[in-house]
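Derivation of every value follows stated rules applied to the coordinates shown; laboratory data play no part. Because the structure is a prediction, the values reported are computed rather than measured. Positions of Cβ are generated from backbone atoms using ideal geometry, with glycine treated the same way; all protein chains shown enter the neighbour counts.
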Amino acid sequence: MSIQSEREQRTKAYCNARFGMFIHWGLYAIPARGEWVRSYERISNEEYQQYFDEFNPTNYDPKKWARIAKEAGMKYAVLTTKHHDGFCLFDSQYTDYKATNTKAGRDLVKEYVEAFRAEGIMVGLYYSLLDWHHPDYPAYNDLHHPMRGNEAYKNQGEHFENYVEYMHGQVRELLTNYGKIDIMWFDFSYGEMSAEKWKATELVKMARKINPDIIIDNRMGGDVTAENPVIYAGDFGSPEQMIPVGGMRDVKGNPIPWETCITLNGHWGFDAKDKNYKSARNVINMLMECVSKGGNLLLNVGPDAKGNIPKESIEILQEVGEWMSLNGEAVYGCTMSPLQRPEWGRLTANGSNLYLYIQDCCNESIVLLDCPHKVKKAILLCNGSELSTKEPWNAESYRVGDKKVDFIETPPFSYLNGNGNVIKLILEK
Ligand code: GLC
């Protein structure tokens with residue numbers, strides 16, 4: 001089998017899932033200025049130690065997180081088991097810098113995996129390739145390390161190979177200690193810190209030996225769009241904070257799996273002052289944009305120091321969930337349609353069904369151009385009622401060149417604070 005068809009096989013369920021929850025959580029929830037706080041503010045290990053000593057997430061209840069995700073219609077999740085600050089939420093035998101040794105006193109990844117799996121949600125683990133805590137990770141000359149340019153770290157004499165061994169050991173732990181993991185999300189490569197610097201070939205071989213079906217992102221350095229991608233090029237593209245204009249394709253123009261990750265406010269890790277939240281409507285628009293371009297949306301939440309997902313995030317997710325419970329059919333298992341994007345919204349497709357997501361409602365009917373098949377039936381997804389597909393009496397006078405035109409009655413109402421309706425078109429094959 002070619003690498004591409006293996007990738008297609010492996011990612012089938014993941015692509016059908018379309019909507020996932022990203023969870024950024026760690027010690028940085030205490031300073032509450034985002035997960036890059038150590039780097040931005042050049043905080044030393046000694047200064048950062050206070051957060052390790054304080055960490056006591058008494059409200060950590062991953063079953064609650066899993067319920068929130070499920071009710072939002074999310075089908076997979078990815079948790080930061082270790083972010084760039086090096087703190088491990090899991091019980092690793094390779095370090096003392098882990099949740100087990102904080103007041104939390106237990107393996108938080110284990111509870112997450114069990115809770116999400118119990119809700120039937122695919123489980124993903126994020127693991128940072130960077131590590132600002134490990135003594136063998138380059139500091140002084142590094143681009144991002146909190147101690148970059150700090151003279152005291154100039155002759156640290158780190159042995160990077162020790163770090164690589166540590167990192168491989170931890171990935172092995174993550175993939176063996178918690179049953180079958182669905183997604184491994186590595187983050188990230190930069191400059192020389194890329195590809196074989198991480199011993200990426202060996203790492204991926206090890207991961208696939210433990211679990212041949214594991215889905216891996218594309219942040220280890222290889223080009224996921226290449227004609228013959230290297231083994232560590234990954235299974236899907238992972239743009240962040242943007243939705244690629246034309247989705248993602250390989251160099252030959254064939255669509256490839258991709259997922260965009262997006263924050264609910266402006267931060268991944270908890271930021272207590274950032275109240276700049278997106279609306280549920282924004283989120284639904286983004287989700288439908290992703291699906292209409294053949295991609296997934298991994299939507300982030302940043303739980304606070306006590307382990308609570310911020311109230312604002314929960315409210316947005318509930319509203320999204322209400323919409324999903326009525327319109328999820330236009331999301332799950334769907335992908336791009338061959339038709340051009342209409343001016344009133346987005347199109348998704350599943351076999352011979354076409355889903356019309358109306359963002360910009362028109363008067364009495366919307367117009368679908370160039371649909372090669374006959375429209376058998378139009379149904380409003382939110383209540384299952386049929387809509388008329390009769391041509392309006394005056395349509396003849398307003399043709400669009402020689403394009404085939406279908407008129408579909410628009411629902412007379414919008415609901416959920418104006419969130420968009422979806423019309424399902426059943427087409428004759
Ligand atoms: C960036 C950031 C990181 C975040 C990730 C999510 O690479 O370094 O903080 O986890 O994006 O995509």
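Summary of computed values
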read-out	value
Filtered GluC sites (Glu not before Pro), region 290-384: DSSP coil and at most 15 other beta carbons within 10 Å	343, 364
Residues 407, 22, 160, sorted so that the one with the fewest Cβ neighbours within 10 Å comes first	160, 407, 22
Ranked list, fewest to most other Cβ atoms within 10 Å of each Cβ, for 2, 365	2, 365
Computed helical MRE - 222 nm, the chain, DSSP H runs ≥ 4 contributing -39500 (n - 2.57), nearest 500	-8000 deg cm²/dmol
GluC sites (Glu not before Pro) within region 199-273, DSSP loop, no more than 12 other Cβ atoms inside 10 Å	227
Diffusion coefficient, µm² s⁻¹, Stokes-Einstein with Kirkwood Rh over alpha-carbon pairs of the chain at 25 °C and 0.890 mPa s	106
Nearest 10 degrees, 0 to 90: helix 280-292 Cα axis against the chain principal axis	80
Mean Cα-pair separation over length for region 33-117, i.e. relative contact order, pairs under 8 Å, 6 or more apart, %	30
On Cα atoms only, tilt of 62-72 relative to the major axis of the chain in degrees	20
Dipole magnitude of region 3-333, debye to nearest 20 (Cβ charges: Lys/Arg +1, Asp/Glu -1, about Cα centre)	740
Net charge of neighbours whose Cβ lies under 14 Å from the Cβ of residue 221, counting Lys and Arg as +1 and Asp and Glu as -1	-3
Relative contact order (%) - criterion: Cα under 8 Å, at least six apart; region: the chain	16
Dipole axis of region 3-333 (+1 Lys, Arg; -1 Asp, Glu on Cβ), positive-most option in 230, 152, 113	113
Hull shadow area, averaged, region 28-135 [alpha-carbon convex hull, nm²]	7.1
Residue 183 long-range amide H proximity, modeled H, under 5 Å	123, 124, 125, 215
Qualifying aspartates and glutamates (Cα of each under 12 Å from Cα of residue 403; at least 8 residues distant if same chain)	370
Listed peptides 297-305, 29-37, 184-192 by packing density, highest first (mean Cβ within 10 Å)	297-305, 29-37, 184-192
Ascending count of other beta-carbon atoms within 10 Å, so fewest first, for 323, 344	344, 323
Isotropically averaged projected area of region 337-427, using the convex hull of Cα atoms (one quarter of hull area), nm²	5.8
Whole-angstrom gap from region 229-304 to region 70-104, using each part's C-alpha centre	21
Entries in 98/273; 154/199; 82/180; 98/209; 12/199 that, when Cα-Cα distance is taken, lie over 29 Å	none
